[in-house]
1. Can you tell me how many residues in the stretch B:88-127 are surrounded by 21 or more Cβ atoms within 10 Å (Cβ to Cβ), touching a helix residue (DSSP H, G or I) at 6+ places or on another chain (Cβ under 7 Å) and of a type outside the set (Phe, Trp, Tyr)?
2. Here are some residues: A:Ile292, A:Ile254, A:Ile305, A:Ile288. Which one is touching a helix residue (DSSP H, G or I) at 6+ places or on another chain (Cβ under 8 Å), under 30 Å from A:Pro180 (Cα atoms) and of a type in the set (Val, Ile, Thr)?
3. Which fully enclosed helices (runs of 4 or more DSSP H) of the stretch A:369-482 have 1 or more residues being surrounded by fewer than 16 Cβ atoms within 10 Å (Cβ to Cβ) and basic (Lys, Arg)?
4. Pairs only if they're at least six apart or on different chains, beta carbon under 6 angstrom, first in the stretch A:359-384 and closer than 26 Å to A:Ser228 by Cα, second outside any loop (DSSP other than H, G, I, E, B) and among the acidic types (Asp, Glu); list them, first residue then second.
5. Which residues, counting only those in the stretch A:356-372, are among the small types (Gly, Ala, Ser) and either within 18 Å of A:Asn198 (Cα to Cα) or within 14 Å of another protein chain (Cβ to nearest Cβ) (or both)?
6. For the list (1) away from chain B (no Cβ under 11 Å); (2) over 30 Å from A:Thr277 (Cα atoms); (3) buried (at least 24 other Cβ atoms within 10 Å of the Cβ), I need the number of the one condition that A:Pro180 fails.
7. Of these, A:Asp478, A:Asp467, A:Asp444, A:Asp460, which one is over 21 Å from A:Glu168 (Cβ atoms) and among the acidic types (Asp, Glu)?
8. Please tell me if A:Val413 is within 19 Å of A:Asp478 (Cβ to Cβ), in contact with an Asp or Glu (Cβ under 6 Å, 6 or more places away or on another chain), without any contact (Cβ under 8 Å) to a residue 40 or more places away in the chain and β-branched (Val, Ile, Thr).
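Every number in this text was worked out from the coordinates using simple rules, so none of it is lab data. Model, not experiment: these values are computed from the prediction. Cβ coordinates were reconstructed from backbone atoms using ideal geometry, including for glycine residues, and neighbour counts include every protein chain displayed.
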Amino acid sequence: MEKSIDEINRRIRDGSARVVTADEMPDIVSELGEEGALREVDVVTTGTFGAMCSSGAFLNFGHAEPPIKMERIWLNDVEAYGGIAAVDTYIGATNKSVTRMESYGGAHVIEDFISGKAIELRAQSSGSDCYPRRSITTELRLEDLNQAIMVNPRNAYQRYDAAVNTSEDTLYTYMGTLLPHNANVTFSGAGTLNPICNDPNLRLIGSGVPILLGGAQGMVIGEGTQHSSAGSFATLMTTADMADMNTDFLRAAIMHRYGPTLYLGVGIPLPVLDIETVRRTAVQDSDIMVSIRDYGVPSRSRPVISQVSYAELKSGTIELNNEEIKTSSLSSFRRAKMVANTLKRWVEDGQMTLCLPTRYIDTSKQAKPMRETRKVILVQEIMQRKVVTIKEGQDITEAARKLLRGETNHLPVLNEQGRLTGVITTFDIAKAVARPERKVRVQDIMTRNVITTQADEPIDIAAQKLDHHRISALPVVDAQNQCIAILHASDLGKLFKPGGGRP
Amino acid sequence: MKLLVRLIHESKPIIAQVVKDTGVLINVDRARSDAHEGEEALVDVPDESCILVSERMRSLGAEVRILEEGIRHDEEECVDCGACISICPKKVFSFDKDWKLQVETKKCILCGRCIISCPHAALSLSY
């Protein structure tokens, strides 16, 4: 048996369509069988609610008098794109405010517009005969704009790898706070309710298909950026009118030390056309597997620690190396259900009918990494190979002398085998002098937990270490933990000098 | 009841002294010694001994603040994601059967970890 989309739409219009949410399907199928479920259910609604960084909106402000072609634009001090004349712009969710970096961004501008607040627009122009005006400052509400059309390049990831941190430091990432030594796991997505998990071959989801986006009725534009269907990481590009959105399904957020992002509700109603649809929408949390990746490794290819299902992740704890580890969702399953339930009501009430894609999304695509034509600068290119060191057992007055003579603030401390065991700074010496409780040898006052770098580490990672630990130098060690050089924060300045940083 | 105690006289064992003087058993939830901000302890005392203990601590030179509640949860801002659940050392946060966030503030030791970990600024200290 098969059902046509017209037949399903006819039932939606006359109010007789049977609509269920995707999390109800496994039970329905096990009760009625696949054929029975196909006869019984016309539409399955899906939903997810979580951080979708690659989101934003096209805005048109209307023309000013005298008119301006805006070239640099700020909305509540968040810069928006100025390359699309004349009073059009695109505001991206993750852009930070230039005045409130840590607490406000593009996502907040979008949320404030939707909740009816006035937003300050500032713009500059170089002026032209047709657009003479050079600057403008005004306050605008959503209703003052001609258009506010959300167009999100990458939404509704099919699934997303979970995150863990094997390093010794707490990390603050777009996957939330990751405690050291695998102390927690964070994950994203709604599992069984996730739109693409219920249509992994993209037979029903494609261009033109109606969706819920931020509480508004919108549609799928087509494949999203970084769409990687071949690896089961499909994404969607989506759109809807901001005027129809509400804050139940759209919230600005701040990921600590990462920045602003937009939490969005996205849901897609799926017409139950055939057995294949029934089978796919019967997907359960236990069927959807993701990798747990180590964010302690600051590389594009973060090592996979383990595989888990959404069922395990949602249970609150998972087992890793025989230890129980607490999990945190970053997406809201409660709001994901609200998305699916709202779509269900829309379809039941005949407010939304369905259609098949006008263009299908390529399911064989695999996202590529960036092609890089220039060499990444490594620590070895700017580190100082002449490094003054001291032995653990030496007197601190000797350390003080070396610090003075070497005109440095950091002395790497070596043990008898020449391995790095600590570091001593002018501050440590000053402390020891101020509180002379018989601390006379280097090993009594040195810092033992030394943050180090390696000669072949990219300079940006070393710079992040300096920043993260608020320190000003990193001993450079080799594989045997021998101190071969030192990298000072001030060495980073070499990169900005003409001809600097390259041997 | 939780008391936030700032210890001024570093050489005196104030908490031990108060336990000895009052006979009230004091549980130290969290203690911090910081070069810039001095020594601070979060202690838990039985509700009925709260006034007695705080008065005695004050007389020994400590600053004492009585904390009526733990972490404050703003239900308007919260979207029930659960980012706070795994980073809390005291299992203050959990989901009910409808995936709504439950907050047991009595367990809270005000470590503040969840405040920065909440993407929606829904958690704050009430004191």
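1. 5
2. Result: A:Ile288 is the single residue among A:Ile292, A:Ile254, A:Ile305, A:Ile288 that is touching a helix residue (DSSP H, G or I) at 6+ places or on another chain (Cβ under 8 Å), under 30 Å from A:Pro180 (Cα atoms) and of a type in the set (Val, Ile, Thr).
3. Hits in the stretch A:369-482: A:396-405, A:426-434.
4. A:Ile361/A:Glu223
5. Of everything in the stretch A:356-372, just one residue is among the small types (Gly, Ala, Ser) and either within 18 Å of A:Asn198 (Cα to Cα) or within 14 Å of another protein chain (Cβ to nearest Cβ) (or both), namely A:Ser364.
6. Going through (1) away from chain B (no Cβ under 11 Å); (2) over 30 Å from A:Thr277 (Cα atoms); (3) buried (at least 24 other Cβ atoms within 10 Å of the Cβ) one by one, A:Pro180 breaks only (3).
7. Of the residues listed, the single one that is over 21 Å from A:Glu168 (Cβ atoms) and among the acidic types (Asp, Glu) is A:Asp444.
8. Taking the combined requirement at face value, the residue satisfies it.
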